[in-house]
Amino acid sequence: DSVVQGRRIKCKLCIKALKKIQALAGDDPDEAAVVAALQKGCRALGRAKGRLCQQLVNKYRDKITKGLENGDTPEDICAAMSICQS
């Protein structure tokens, strides 16, 4: 089913992007570190994925920032945004 396939791809991209952003933000990030990491993290994924990543970040910036500040895993954050099924 192409809908399920599309969801799986989005979920993988979300987790991959957030792992990158989490690594860039450091172990105990504040909001400024997260914002800087969000910008760098998307660029690091290349042009096509980077554009999708940027849309994701723009739409869910608050949830991503809160999740990273709380030390949530990328999987948990993507599930909280309803991109991945928990």
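The values are calculated or read from the model by the stated rules, or taken from the named source; none is laboratory data. Model, not experiment: these values are computed from the prediction. Please note: Cβ atoms are built from the backbone with ideal geometry, for glycine as well, and neighbour counts cover all protein chains shown. Only protein heavy atoms, including side chains, enter the accessible area calculation; ligands, DNA and RNA are left aside. Shrake-Rupley method; radii C 1.70, N 1.55, O 1.52, S 1.80 Å.
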Q: Run through all the Cα pairs of the range 2-81 and give the fraction in each 10 Å bin from 0, expressed as whole percent.
A: 21, 57, 20, 3
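How much accessible area per residue does the chain have, in Å², with a 1.4 Å probe?
Details: 5670 Å² over 86 residues.
Normalised by residue count, the accessible surface of the chain is 66 Å².
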Q | About the Cα centre, charge dipole magnitude for the range 2-81 (Lys/Arg +1, Asp/Glu -1 at Cβ), debye | A | 780 debye
Q: May I ask you to derive the relative contact order of the chain, considering only C-alpha pairs under 8 Å and at least 6 residues apart, and to give it as an integer percent?
A: 36 percent
Q | Residues in the range 65-85 that a label on Glu31 would reach, taking backbone N under 19 Å of a point 7 Å out along Cα→Cβ | A | 65-72
